[in-house]
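What follows is a set of notes on a single structure, which appears directly below.
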Amino acid sequence: MGLLVSKSLPRNVIRQVARKHPGTLLLSLVLRGGVILSATLVAIGLVLLFVTGQTGYTLDPSKGGSELSNLLAYHDENSASLYFPINPLEIWQGLINLKPFGIIMFGLTVLIITPVLNILLIALSYIRQRNLTYTLISLFILAVLTLSFFLGKAGG
Amino acid sequence: MGLDTVLVLLALFMVAVAAGTLGALAGLGGGIIIVPVLTLFFGVNVHYAIGASVVSVIATSCGAAATYIKANLTNIRIGLFLEMATTLGAITGAFVGVYLAGPVLFFIFAVVLGLSAFVMWQKRNQARPQKVEPDSWSKTLKLGDHYYDSVLKQEVAYEVQGARPALGVMYVAGVVSGLLGIGSGALKVPAMDLLMKLPIKVSSATSNFMIGVTAAASAGVYLARGYINPYLAAPVALGVLLGSVAGSWLLIRLRSGVIRRLFIILLVILAFQMFLKAFGVGF
């Protein structure tokens, strides 16, 4: 879909838009950069998983041991011996220790944060323009996005 | 690592590529196909399937949104205004969804698949919207804007109406999105076309922008709950992303009429199978 638009839009129009709305170029850059960074991290994690044959985390032996093929048991939540990091600190530690699942989860987190970062940039630009209505609207969305992480945890 | 593990990862990746390609060709995301395929043919737990789908929805939406924003087709003000409703709906849906049993989710999914097929089957009105009288909310929020139409080769100004009813529909679209891990563009775009009278290109671009933010809200819940399983989400997200790039490349080289019809048939088949699965008729 995206390609189609860029193919059919003349370059001078894009340049014109960029001149009239300088912020949009940054937004577009952040979105694309986030997706590329995330995809690269996930791909590196998958390659490491293939090469080492390890997820980087010990699997619960009482639920089937450390055989990687047990990861296939995601059909049933309760019997799965699969372990992967969920909280930010654990994901970060997994990344710096180059654990395959740590790298993948960090990449996926980057992806989830990308739209949030975009809204944050939009909020900042409305604050700078002193546009109260849209500052409040974008802050409301940021609040809901932040709430989603805590809401997920709270329910346990 | 065992051969079976490698083969399953590869199979998941290939299926995700196919779903992403088809999704981009049809103008719907890959999410609407990937969850049925993972649950029906791979026997994946439905909550994990939804978690993986949510992530791939963010990837495809952000990729496309980057292009649309640069082309100024996205109406950011309308997007933000409606996202207040979609994000609230998404966390409602995701929060409720993790407690719902499989059969209930399969049934809702069957209904949404059927609805999407119907929306696709109805031809969208390509004509430029008639004179639109902006309502009070649209005026206060300055929702009207203009864009460069590459077919007409001129700037097109447009006004907006129906901001309030659209907000209600968007809450429902958000709930569906959070519940099922799909972008629910099939609900968002018609709402913007019919209620707000937006030009077709603006509603498509703005819907794309909103889908990423909405999915991020539900992804937060699914991530914290441990339903974003790297073993499943990694090949699926990469595959769908790659597939959507391929799909948008193919889109300008293939005749879309045939693809649309094939996609509608696929949606109906999947709807039927999800319906059967909801009632335990089985495979």
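Computed quantities for the displayed model
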| item | result |
| --- | --- |
| Estimated distance in nm for a label pair at B:Gln122 and B:Trp249, the labels positioned 7 Å out from Cα along Cα-to-Cβ | 3.6 nm |
| For B:Gly162, residues with placed amide H under 5 Å, excluding near neighbours | B:Asp135 |
| Likely footprinting exposure, B:Ser204, B:Ser56, fewest C-beta neighbours within 10 Å first | B:Ser204, B:Ser56 |
| Rel. contact order, % - alpha carbon contacts under 8 angstrom, at least six apart, chain B | 40 percent |
| Highest average packing first - A:33-39, A:94-100, Cβ atoms within 10 Å | A:33-39, A:94-100 |
| Kirkwood-Stokes translational diffusion coefficient of segment B:79-162, alpha-carbon pairs, 37 °C, 0.692 mPa s, µm²/s | 197 µm²/s |
| Mean residue ellipticity (222 nm) of chain B, computed from DSSP H runs ≥ 4 via -39,500 (n - 2.57), nearest 500 | -24500 deg cm²/dmol |
| Per-residue Cβ neighbour rank within 10 angstrom, fewest leading, B:Arg225, B:Arg260 | B:Arg260, B:Arg225 |
| Lys, Arg +1 and Asp, Glu -1 on Cβ, resulting dipole of the protein assembly as shown about Cα centre, debye, nearest 20 | 1660 debye |
| Residue-by-residue Karplus 3J(HN,Hα) for segment A:26-34, coefficients 6.51, -1.76, 1.60, Hz, glycine and proline x | 5, 4, 4, 5, 5, 4, 5, x, x |
| Cα convex hull of the protein assembly as shown - mean projected area over all directions, nm² | 20.2 nm² |
| Total formal charge among the other residues, if their Cβ is under 14 angstrom from that of B:Gly162, Lys/Arg +1 and Asp/Glu -1 | 0 |
| Order of B:Met274, B:Met196 - criterion: other Cβ atoms within 10 Å of each residue's Cβ, fewest first | B:Met274, B:Met196 |
| D_trans [Stokes-Einstein, Kirkwood Rh over alpha-carbon pairs] for segment B:216-279, 37 °C, 0.692 mPa s, µm² s⁻¹ | 222 µm²/s |
| Inter-label distance for B:Val132 and B:Met14, nm, one decimal - labels placed 7 Å from Cα along Cα-to-Cβ | 4.5 nm |
| Cα coordinate range in segment B:108-217, projected on the principal axes (Å, largest first) | 40, 30, 22 |
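Where a number appears in this text, it was derived from the coordinates with a stated rule and is not lab data. Because the structure is a prediction, the values reported are computed rather than measured. With ideal geometry, Cβ positions are generated from the backbone for all residues, glycine too; neighbour counts draw on all protein chains shown.
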